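The values are calculated or read from the model by the stated rules, or taken from the named source; none is laboratory data. No experiment lies behind these values; they were computed from the predicted model shown. Here the Cβ is made from the backbone with ideal geometry for all residues, glycine too, and neighbour counts use every protein chain on show. The area values use the complete protein model at the heavy-atom level, side chains included, leaving out ligands, DNA and RNA. Shrake-Rupley method; radii C 1.70, N 1.55, O 1.52, S 1.80 Å.
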Amino acid sequence: MVVANSQPQPSTSTSPATHKKNRRRTTKKAPAAPKDADTDQNMEEAHPITDTISPNGADDDDIVIDVDEAPSLSTNTSAAPAFAPVSADALRTTLKSETRRIPIPPHRMTPLKKDWINLFGPLTEILGLQVRMNVQKRTVEARTSKHTKDIGALQKGADFVKAYALGFDVNDAIALLRLDDLYLDSFEIKDVKSLQGDHLSRAIGRIAGQDGKTKFTIENASRTRIVLADTKIHIMGSFQNIKIARDAIVSLILGSPPGKVYAGLRTVSSRMRQRAL
């Protein structure tokens, strides 16, 4: 007869709970390294130091840096696109031709017909414009063409015809086409002083002088051209010269004697000669 042993035999294997408890006791946490030390170590691993020191104990000035592995920081400045210069033909605009109409006073139509050949030549040869005279509308019409090279040719042609319409000679008006610093200035006697009757006639006489002597003197001293058309006065010249001539004419309108005006013109002309030298 077999008797069973009811006492529990000791188990050789430890329970899972006891094993975890023992493991908690035996494991120790490693001391945390400083944060700065880890950062420096990671940077050294990512970017190894490539500096080499000379073996003979040189100073910091003798340190040699290996730049083969260092990243290149120079920028490529030659990456800008280079374009070929634009030709003269490409600069010409392909827009529609412009047209300008210059009105002509009735009393200047007869001189215009006589001097039309002299007016027609400079406009077509120098400026390359197409010009025609409209007798019914009393205008001179000009427009650009494929032969026009200067972008301001139409405006120069209009100023040339306008100067002739105001009463200037053809040879004097051609200077507007050849020079760039010439202008036209117009004003009336009533803009300076309100005169009527004989007072207005005497003012015009003071400006013109005997046989046009005073007008010619002002023109030669100020290097301008002056046209007296009744109560209107037209001056052609540079900006400074127009101012000199206008001041002299205004003085005559206000009643200054011609001798005083001549003295002022002599002073101004001498200053202009000194500046030219």
Applying the selection to region 164-181, what residues are over 29 Å from GLY255 (Cα atoms) and open to solvent by less than 50 Å² (accessible area, probe 1.4 Å)? TYR164, ALA165, VAL170, ASP172, ALA173, ILE174, ALA175, LEU176, LEU177
I need a count of the residues in region 170-180 that are touching a helix residue (DSSP H, G or I) at 6+ places or on another chain (Cβ under 7 Å) and assigned to a loop (DSSP other than H, G, I, E, B). 1
Residues within region 182-215 that are at negative phi, part of a helix (DSSP H, G or I) and among the acidic types (Asp, Glu), tallied: 2
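Identify the residue in region 91-105 that is open to solvent by less than 70 Å² (accessible area, probe 1.4 Å) and within 21 Å of GLY152 (Cα to Cα) and, among all such residues, is modelled with the lowest pLDDT. Give the derivation first.
To start, the set of residues in region 91-105 that are open to solvent by less than 70 Å² (accessible area, probe 1.4 Å) comprises 97, 102, 104-105.
Still in the list and also within 21 Å of GLY152 (Cα to Cα): 97, 102.
On the way: SER97: 79, ILE102: 93.
Once the filter is applied, the top-ranked residue is SER97.
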Among the candidates GLY157, GLY167, single out the residue that is small (Gly, Ala, Ser) and over 20 Å from ILE226 (Cβ atoms). GLY157
Matching residues in region 140-161 (over 29 Å from the mean Cα position of the chain (by Cα) and open to solvent by 30 Å² or more (accessible area, probe 1.4 Å)) number 0
Do we have ARG108 as modelled with pLDDT of 90 or more and either of a type in the set (Gly, Ala, Ser) or surrounded by 11 or more Cβ atoms within 10 Å (Cβ to Cβ) (or both) here? yes
List the number of the failed condition for ILE218; all other conditions in (1) in contact with a Leu (Cβ under 7 Å, 6 or more places away or on another chain); (2) surrounded by fewer than 20 Cβ atoms within 10 Å (Cβ to Cβ); (3) assigned to a helix (DSSP H, G or I); (4) of a type in the set (A, V, I, L, M, F, W, C) hold. (2)
Does ASP185 count as surrounded by fewer than 15 Cβ atoms within 10 Å (Cβ to Cβ) and in contact (Cβ under 8 Å) with a residue 24 or more places away in the chain? no
